[in-house]
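The values are calculated or read from the model by the stated rules, or taken from the named source; none is laboratory data. Computed from a prediction, not measured in an experiment: that's the story for all the values here. For neighbour counting, all protein chains shown are included, and Cβ atoms are generated from backbone atoms with ideal geometry for every residue, glycine included. Ligands, DNA and RNA are stripped out before the accessible areas are found, and what is left, the full protein with its side chains, is counted by its heavy atoms. Shrake-Rupley method; radii C 1.70, N 1.55, O 1.52, S 1.80 Å.
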Amino acid sequence: MEEALKREKSKGQVALPATYCVTGATGYIGSWLVESLLQRGYTVHATVRDPEKSLHFLSLWTGVDRLRIFKADLNEEGSFDEAVKGCDGVFHVAASMEFSVVAKENIESYVQTNVIDPAIKGTLNLLKSCLKSNSVKRVVFTSSISTITAKDINGKWKPFVDESCQIQAEHVWNTQASGWVYALSKLLTEAAAFKFAKENGINLVSVITTTVAGPFFTTNVPSSVKVLLSPITGETEFFKILSAVNARMGSIALVHIEDICNAHVFLMEHAEAEGQYICSSSSCPLSMLINLLAKEYSYSNKKRIAEKNYDKVPSEISSKKLKDLGFSYKHGLEDIIRQTIICCLDYGYLPSISQ
């Protein structure tokens, strides 16, 4: 697309801005991505499962004639046909945010049938719609650091962690650590997407997101923000997920919401982008993260989770592949934490420090 635009300009023609489809437009990344694309002058086809939930966002995007809202359900084949029709590219952001399930008999069968199978089916339904469109040139899939591990098969730390360090599905099934349902769903869905794309000639790129934080447009506090702030909110279920990430990766890798959306657009438009890309601006051990959170937010909360002695970072979580392509980050660790806390104070999720 980038090269095509250059060719059009060289001919003395003015190329129209691209049209992109964003699935899961009411989610944290999805809503930010829609906003970012509109600000860049693109036409956006935003898909939502429930149009009623998009009213909040429409109030933010009033006066924009380059935005169209489409009702679409991943579990209905053909549901995305109209949404992707005429689009140059598709950002597949929509995903189930189910981290775990209530203990029940045959839990593996339940998760396979009610979480994993629908997630895979939904993604393949979307890719089939992209094939029908005859216009979609690339699909950018939003993956997760939950599909990556810093440990080898013997449980030893790898000094360097890149896109090749995928966790094994069998290990996720066997250990069922906090957040395992989400991790398994992302892992298997991404694998199915790449398999289908290869077999059908679809140009597919995936963004492996780390813990995303910063300001948000959503009506509810995003799960990733709750995970990040769990040491000071005392929400144990989210802290368990944070601890599980630290145990698997040796540290907490973070990325600002603006940077993750910029990375999505960058990979959509870079002619040489292919495969998977870890997107992480910085990482730190959990003990350091807890100290940084306490420094930025000094509210005395009895529920706050006390600092423990965690190991130093044993593995480098690398974003080298993305940076080598030419991408650069705007926001560092302290900036991410500061902006997240400010937004949550304004929202009312965190009590005012003056209280």
If one builds a Gaussian network model of the chain from Cα atoms under 10 Å apart, the most fluctuating residue listed among Phe238, Phe141, Phe196 is Phe196
About its Cα centre, the chain carries a charge dipole, from +1 on Lys and Arg Cβ atoms and -1 on Asp and Glu Cβ atoms, whose size in debye to the nearest 20 is 360
Residue-normalised value, i.e. accessible area per residue, for region 205-346 at 1.4 Å probe, in Å², stands at 40
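Counting only heavy atoms of the protein chains, get the accessible area per residue of region 90-189 (1.4 Å probe) and round it to a whole Å² value.
On the way: 4660 Å² over 100 residues.
Computed with neighbouring chains in place, this is 47 Å² per residue.
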In this structure, among Lys226/Lys321; Lys121/Lys321; Lys128/Lys195, pairs with alpha-carbon gaps over 19 Å are Lys226/Lys321; Lys121/Lys321
Scalar couplings 3J(HN,Hα) for region 269-276 by Karplus 6.51 cos²θ - 1.76 cosθ + 1.60 (θ = phi - 60°), nearest whole Hz, x for Gly and Pro, are 9, 7, 4, 8, 5, 7, x, 10
For region 142-234, the percent of accessible surface on carbon and sulfur atoms (probe 1.4 angstrom, ligands and nucleic acids excluded) is 50
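Kindly work out what percent of the DSSP beta bridges joining two residues of the chain are antiparallel, to the nearest 5. Please report the intermediate quantities before stating the final value.
On the way: 5 of 38 bridges.
Percent antiparallel among DSSP bridges in the chain is about 15.
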Counting sequence-distant residues (5 or more places) and residues on other chains, those with an amide H built under 5 Å from that of Ser144 are Thr209
Rounded to whole angstrom, the alpha-carbon centroid of region 33-76 lies from that of region 236-268 at a distance of 25
Output for region 39-79: trypsin sites (Lys or Arg not before Pro) sitting in coil per DSSP, at most 15 other Cβ within 10 Å, listed by number, reads Arg40, Arg66
A correct Karplus calculation of ³J(HN,Hα) over region 251-264, with 6.51 cos²θ - 1.76 cosθ + 1.60, θ = phi - 60°, whole Hz and x for Gly and Pro, returns 6, 10, 8, 10, 8, 6, 4, 5, 5, 5, 6, 4, 5, 4
